[in-house]
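Since every read-out is calculated from the coordinates, none of them should be taken as a lab result. Here the structure is a predicted model, which is why all the values come from computation and not from measurement. Counting neighbours? That spans all protein chains shown, and the Cβs are built from the backbone with ideal geometry, glycine included.
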Amino acid sequence: MKRHSKYNGVVVPTVTPLTADFKFDQEAFEKMVTNFRQHNTMPFILGTTGESASLPFSLKLEYIKFAGSIKQPGEVYYAGIASNVLEESVALAHAAFEAGIDVVAANLPSYYALTEKQMFTYFEHLADQVQGPLIIYNIPATTHMSIPLHVLDKLSQHLNIVGVKDSERSEERLQESLELWADREDFCYFLGWAAQSAEALFRGADGLIPSTGNFIPGIYQDMLRAVDAGDREKAFHYQRLSDAFGALYQSGRTLGESLWGLKKLIQETGLCQPYMMSPLSLGTHEEGEMLKQNLHDLLRKEGIQL
């Protein structure tokens, strides 16, 4: 694993904590950040896990400003700025940097199918205007497009484009990505495919962005330390734990349904409530009780305390 990049380690794609009337829950976010600090992890707000596609612009601005207000010296904060409107993404980026956020991230606009040239031009224009560090986020599950690696590599030469978060599930793409960028000091690679976390770190990835880190961030720091020590057995032990805890809320659910499941598990830690912004919705009481039971069964089995 690389350590020379400013952008590395465990970065948690943070849920957006909401109140029952769908307002941003500042108190809950502060609790979540306190938990992250205890495990030396950093927040990435307003990403896919943060329901960013469903949030009002005003709530995004409030989230960004509040996150910046509680950020402590030495911490590195990430914020998503994705929008189908370029001007909105640029405005969010400016607000983020003004608030003290260190780096912003954006995926492709997701309404029109884009050519490779259009993909390149979009990110080039965005990078020209954000006036700060930008990470490109490749997530075909929501945009229904994959950014070709040669396009990303060309974009990686832009002064403001500092890395990529890749959530595409392809072992071949993972290997090719690390062959391109594992030795780059000026361009970071974050994996957003939790099932390959340990393997990616051993091959030279800069870090991970695991949604399961919202409620059990410690296993990822333990994985990181095991990789740094060259202990494959221990690292893949934590990979197995990551897979097991991730399956609690992801298995058998759509992406949107899994985000409610994730919030329900976070609720068990006392950090936030499970309210979702429309069109996503709450699961049933029975589903929630089953999630809680399965979580506590797994914690007891593994001898882990939250």
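Listed values, structure above:
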read-out	value
Under 14 Å from Lys117, Cα to Cα: aspartates and glutamates that are on another chain or at least 8 residues apart	Asp153
Length added when fully stretched, Glu302-His144, from 0.36 nm per residue minus Cα-Cα	53.2 nm
Within segment 9-216: Cβ-based charge dipole about Cα centre, in debye rounded to nearest 20 (Lys, Arg +1; Asp, Glu -1)	320 debye
Members of Lys6/Lys71; Lys263/Lys292; Lys31/Lys65; Lys165/Lys292 lying beyond 21 Å, as alpha-carbon distances in this model show	Lys165/Lys292
Label point distance in nm, Lys65-Asp243, each placed 7 Å from Cα along Cα→Cβ	4.6 nm
Highest average packing first - 296-306, 43-53, Cβ atoms within 10 Å	43-53, 296-306
Alpha carbon convex hull of segment 9-216, volume per residue in cubic angstrom	117 Å³
Label-point separation in nm, Glu116 to Ala20, each point 7 Å along Cα→Cβ	5.4 nm
